[in-house]
Amino acid sequence: LMSGVKNNVGRGINTALVNGKTGELLDTKFFDMWGGDVAPLIEFLKTIQDGTIVLMATYDDGATKLNDEARKLIAELGSTSITNLGFRDNWVFCGGKGIKTKSPFEQ
């Protein structure tokens, strides 16, 4: 889904959205949380449809620009570690829009 070869990874939070019923890749994006702005990440998170599988991984720094709103939106996808994510922490996560419990796929 994501690789340097495809040139679709970058500094910050890398995301992939997958259709939860068909397994079709819907979108990949990365959000620079060091030199960028958190607003595009927040808007992206708000547009995710119910039933979508959300994969996230950090590269370099994924936390500096995160604010409470962004952390809350990621927590609603099933993350329990996002509230403690700090500067240059490594983090991988698989959750979903509409999930009712915490995700067991987070490190």
Return only the number of the condition from (1) more than 18 Å from S79 (Cα to Cα); (2) open to solvent by 50 Å² or more (accessible area, probe 1.4 Å); (3) out of contact with any Phe, Trp or Tyr (no Cβ under 7 Å at 6 or more places or on another chain); (4) of a type outside the set (A, V, I, L, M) that R11 does not satisfy. (3)
Against the conditions (1) at pLDDT 95 or above; (2) basic (K, R); (3) closer than 25 Å to N7 by Cβ, where does K46 fall short? Just the number, please. (3)
So, of the residues in region 58-82 that are assigned to a loop (DSSP other than H, G, I, E, B) and of a type in the set (D, E), which turns out to be modelled with the lowest pLDDT? D60
For region 76-92, give me the residue count where each residue is at positive phi and open to solvent by less than 40 Å² (accessible area, probe 1.4 Å). 1
Any idea which residue in region 24-51 is farthest from A75 (Cα to Cα), counting only those that are open to solvent by 50 Å² or more (accessible area, probe 1.4 Å), free of Cβ contacts under 8 Å to residues at least 24 places away in the same chain and outside any strand (DSSP E or B)? E24
Does M56 fit the bill of being open to solvent by less than 50 Å² (accessible area, probe 1.4 Å), in contact with a helix residue (DSSP H, G or I) (Cβ under 8 Å, 6 or more places away or on another chain) and within 18 Å of L1 (Cβ to Cβ)? yes
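The values are calculated or read from the model by the stated rules, or taken from the named source; none is laboratory data. No experiment lies behind these values; they were computed from the predicted model shown. Don't worry about glycine lacking a Cβ; one is built from the backbone with ideal geometry, like all the others, and counts go over all protein chains shown. Note: accessible area is taken over every heavy atom of the protein model, side chains too, but ligands, DNA and RNA are not part of it. Shrake-Rupley method; radii C 1.70, N 1.55, O 1.52, S 1.80 Å.
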